[in-house]
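Colleague: Take this structure, written in structure tokens, and hold onto it; I'll ask about it next.
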Amino acid sequence: MSNPLTRTKSVEQSMADTEEPGSQLKKSLTWWDLTVFGVSVVIGAGIFTITASTAGDKAGPAISLSFVMAAVACALAALCYAEFASTVPVAGSAYTFGYATFGEFLAWILGWDLVLEFAVGSAVVSKGWSSYLGTVFGFSGGTSEIAGIEVDWGALIVVTVITVLLVVGTKLSSRFSAVVTAIKVSVVLLVIVVGSFYIKTDNYKPFVPESQPSESGGKSIESTVFSLITGGGDSSYGWYGVLAAASIVFFAFIGFDVVATTAEETKDPKKDVPRGILGSLAIVTVLYILVTIVVTGMINYKDLATSAGDGEPKNLAYAFGQNGVTWAEKVISIGALAGLTTVVMVLMLGQSRVLFAMSRDGLLPRKFAHTSRFGTPARIQILVGVVVGVVAAFFPINKLEEMVNVGTLFAFVVVAAGVIVLRKTRPDLPRGFKVPLMPVIPILAIISCLWLMLNLSALTWVRFFVWMAIGVVFYFLYSQKHSMVGKRARGEIPDQVGDDRRASVAKANDPPA
């Protein structure tokens, strides 16, 4: 009997499971749909909120370098995701890839990790949506106190509407996303063009501000792991600040990996998924860097610090307001509202697909691994909507962005390593896309992601390990016993793949007629 911790799920079995009656996802997406999903989820919270506040608190004008560092790490990881998704076009993203290479236990850890990324990310961004709702319509945010309990009804509204859209159909969600994405990209371009007329070159000096100790006066659990190791302590600005900012603005790129979770719903996954992943990442990287250059040129980084003015985190609208461009504040707020809407939608989409794959494998209750008449995992989508809605409406979670970062970076490391392993163990598999310069690119991806992880705060790591510990307990209490791979290994259910495993892989990778 195979080791329950290291037993793998063959690529062929993963392919065969996609044809299981009652658990089939509708193939309706093209490369353009995937690119729209990628752009729509990445252009959101990061570009409208994190850009200005992180420049003011951590990196100064050098925030553009921080974005370049984060983009390089993402690009290296994106190449690995593209190969995996074109080889194993099955829902689940890093979870599915991990199952095929490193075994069930690590696959579960990755799946649990992705729950953290998508669920917390959705809740955090939906609360951001609620605050912008107040800005657009002229009231103090979308929160109210009911029976002594503060309820963020704005976040609850957006989560509810998006859940309905996702239940009705992925293609409909894609069309909605395309319209909203066009609006927010137009706003971003407006920011770049209009803002460029207000750039003052003196604001770029010094480009890397001198390091300054924080109010804590030294090392603390809020310090980055790297600064604690090297004795840098708790500081802002300087190169420690630039590195810490790179790990924070990485949150702005989170989401391109969601494209990989839709591989099973793509018409021609071996071509369309790589195009969607790499295309969306290229577009948003250019836009991000241009925005950082403009915003730090419009206003001095000191005025963007949280401690400046009213003590609240600054955003793009603030930079325009300080330059007297008041009409742009409202336009930017509308763009942010539109942007955050699609971010929540695509993160919730990714969350449901990962849970769907885990349920189909028996690591979560199998009753959730069913699709509706719309060809979507409606049961799981509604469950995700309820959980995200409750968390966003009733819990203060705006400090958990870094937890999302460390979880995502961990998944990137495993995917990059998995590409190397699968090339050696299964060279026979048809690959629609291959990572160039193997194994150099995956190794660089691993190094760059580990580097960013070291520049997250020690407190973030503590929270991450607590979350992982909860997941490990759940695995041993439930998932290990109910695993479909384990049941096949024990002879409790027949192996449905049979002798035509390789034929099923070739068929699944063929483009539609």
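The values are calculated or read from the model by the stated rules, or taken from the named source; none is laboratory data. None of these values were measured; they are calculated from a predicted model. With ideal geometry, Cβ positions are generated from the backbone for all residues, glycine too; neighbour counts draw on all protein chains shown.
Colleague: Taking the residues in region 481-505 that are hydrophobic (A, V, I, L, M, F, W, C) and assigned to a helix (DSSP H, G or I) as candidates, determine which candidate is modelled with the lowest pLDDT. Let's see the steps before the verdict.
Modeller: Here is the first cut: in region 481-505, the residues hydrophobic (A, V, I, L, M, F, W, C) are 484-485, 489, 493, 497, 503, 505.
Subsequent filtering for residues that are assigned to a helix (DSSP H, G or I) retains 484-485, 489, 503, 505.
Values: 484: 89, 485: 87, 489: 81, 503: 48, 505: 45.
Once the filter is applied, the top-ranked residue is 505.
Colleague: Then there is this: Which residue is nearest to residue 43 (Cα to Cα), if the candidates are limited to region 68-100 and must be crowded, with 24+ Cβ neighbours inside 10 Å, of a type in the set (Val, Ile, Thr) and more than 17 Å from the chain's Cα centre (by Cα)?
Modeller: 90
Colleague: In this structure, is residue 362 touching a residue at least 24 places away in the same chain (Cβ under 8 Å), on the phi > 0 side of the Ramachandran plot and surrounded by 16 or more Cβ atoms within 10 Å (Cβ to Cβ)?
Modeller: Values: touching a residue at least 24 places away in the same chain (Cβ under 8 Å): yes; on the phi > 0 side of the Ramachandran plot: yes; surrounded by 16 or more Cβ atoms within 10 Å (Cβ to Cβ): yes.
Judged against the criteria, residue 362 is a match.
Colleague: Check off (1) under 27 Å from residue 160 (Cβ atoms); (2) surrounded by fewer than 18 Cβ atoms within 10 Å (Cβ to Cβ) for residue 426 and give me the number that stays unchecked.
Modeller: Status for residue 426: all satisfied but (1).
Colleague: How many residues are modelled with pLDDT of 85 or more, aromatic (Phe, Trp, Tyr) and either crowded, with 24+ Cβ neighbours inside 10 Å or in contact with a strand residue (DSSP E or B) (Cβ under 8 Å, 6 or more places away or on another chain) (or both) if we restrict to region 101-119?
Modeller: Number of matching residues: 1.
Colleague: All but one of (1) at pLDDT below 85; (2) of a type in the set (Val, Ile, Thr); (3) over 22 Å from residue 253 (Cα atoms) hold for residue 404; state the number of the condition that does not hold.
Modeller: Exception for residue 404: condition (3).
Colleague: If I filter region 175-204 down to residues being outside any helix (DSSP H, G or I) and either in contact (Cβ under 8 Å) with a residue 60 or more places away in the chain or of a type in the set (Val, Ile, Thr) (or both), which single residue comes out as surrounded by the most Cβ atoms within 10 Å (Cβ to Cβ)?
Modeller: Step one: of region 175-204, the residues outside any helix (DSSP H, G or I) are 197-200.
Retained after the next criterion (residues that are either in contact (Cβ under 8 Å) with a residue 60 or more places away in the chain or of a type in the set (Val, Ile, Thr) (or both)): 198-200.
Details: 198: 19, 199: 17, 200: 11.
If we take residues in region 175-204 being outside any helix (DSSP H, G or I) and either in contact (Cβ under 8 Å) with a residue 60 or more places away in the chain or of a type in the set (Val, Ile, Thr) (or both), then 198 is surrounded by the most Cβ atoms within 10 Å (Cβ to Cβ).
Colleague: Could you check, for region 328-348, whether at least one of its residues is among the small types (Gly, Ala, Ser), surrounded by 17 or more Cβ atoms within 10 Å (Cβ to Cβ) and touching an Asp or Glu at 6+ places or on another chain (Cβ under 8 Å)?
Modeller: Here is the first cut: in region 328-348, the residues among the small types (Gly, Ala, Ser) are 328, 333, 335-336, 338-339.
Right, trim to surrounded by 17 or more Cβ atoms within 10 Å (Cβ to Cβ) and you get 328, 333, 335-336, 338-339.
Right, trim to touching an Asp or Glu at 6+ places or on another chain (Cβ under 8 Å) and you get none.
So far as region 328-348 goes, no, none of its residues is among the small types (Gly, Ala, Ser), surrounded by 17 or more Cβ atoms within 10 Å (Cβ to Cβ) and touching an Asp or Glu at 6+ places or on another chain (Cβ under 8 Å).
Colleague: Residue 355 - would you say it is modelled with pLDDT under 85, buried (at least 19 other Cβ atoms within 10 Å of the Cβ) and in contact with a helix residue (DSSP H, G or I) (Cβ under 7 Å, 6 or more places away or on another chain)? Let's see the steps before the verdict.
Modeller: Working: modelled with pLDDT under 85: no; buried (at least 19 other Cβ atoms within 10 Å of the Cβ): yes; in contact with a helix residue (DSSP H, G or I) (Cβ under 7 Å, 6 or more places away or on another chain): yes.
Criteria not met by residue 355.
Colleague: Identify all residues within region 215-236 that are at pLDDT below 75, buried (at least 19 other Cβ atoms within 10 Å of the Cβ), not in a helix (DSSP H, G or I) and not acidic (Asp, Glu); write none if there are none.
Modeller: Result: 223, 224, 232, 235.
Colleague: A further question follows. Quickly run through region 122-159 and pick out the residues that are exposed (fewer than 15 other Cβ atoms within 10 Å of the Cβ), at pLDDT 70 or above and among the hydroxyl-bearing types (Ser, Thr, Tyr).
Modeller: Listed by number, the list holds a single entry, 144.
Colleague: If residue 396 satisfies every condition in (1) buried (at least 23 other Cβ atoms within 10 Å of the Cβ); (2) not in a helix (DSSP H, G or I) but one, which is the exception?
Modeller: Every condition holds for residue 396 apart from (1).
Colleague: Follow-up question, since we're still on this one. Give the residue, chosen from 53, 66, 86, 40, that is touching a residue at least 24 places away in the same chain (Cβ under 8 Å), assigned to a helix (DSSP H, G or I) and under 16 Å from residue 283 (Cα atoms).
Modeller: Working: 53 fails: under 16 Å from residue 283 (Cα atoms); 66 fails: under 16 Å from residue 283 (Cα atoms); 86 fails: under 16 Å from residue 283 (Cα atoms).
Going through 53, 66, 86, 40 in turn, the sole match is 40.
Colleague: Among the residues of region 414-428, is there at least one that is closer than 22 Å to residue 268 by Cα, modelled with pLDDT of 80 or more, outside any helix (DSSP H, G or I) and not charged (D, E, K, R)?
Modeller: Yes: region 414-428 contains one or more residues that are closer than 22 Å to residue 268 by Cα, modelled with pLDDT of 80 or more, outside any helix (DSSP H, G or I) and not charged (D, E, K, R).
Colleague: I would also like to ask the following. Can you name the residue in region 4-27 that is at pLDDT 75 or above and in a loop (DSSP other than H, G, I, E, B) and, of all such residues, is surrounded by the fewest Cβ atoms within 10 Å (Cβ to Cβ)?
Modeller: Kept after step one, since they are at pLDDT 75 or above, are these residues of region 4-27: 5-17, 27.
Those still in the list that are in a loop (DSSP other than H, G, I, E, B) too: 5-10, 27.
On the way: 5: 14, 6: 11, 7: 18, 8: 18, 9: 23, 10: 16, 27: 16.
The extreme case among them is 6.
Colleague: Mind listing whichever residues of region 435-480 are closer than 23 Å to residue 86 by Cα, part of a helix (DSSP H, G or I) and at pLDDT below 90? Give the derivation first.
Modeller: Within region 435-480, the first condition is being closer than 23 Å to residue 86 by Cα, and the residues that meet it are 435-446, 449.
With the extra rule that they be part of a helix (DSSP H, G or I), the set shrinks to 440-446, 449.
Listed by number, the list holds a single entry, 449.
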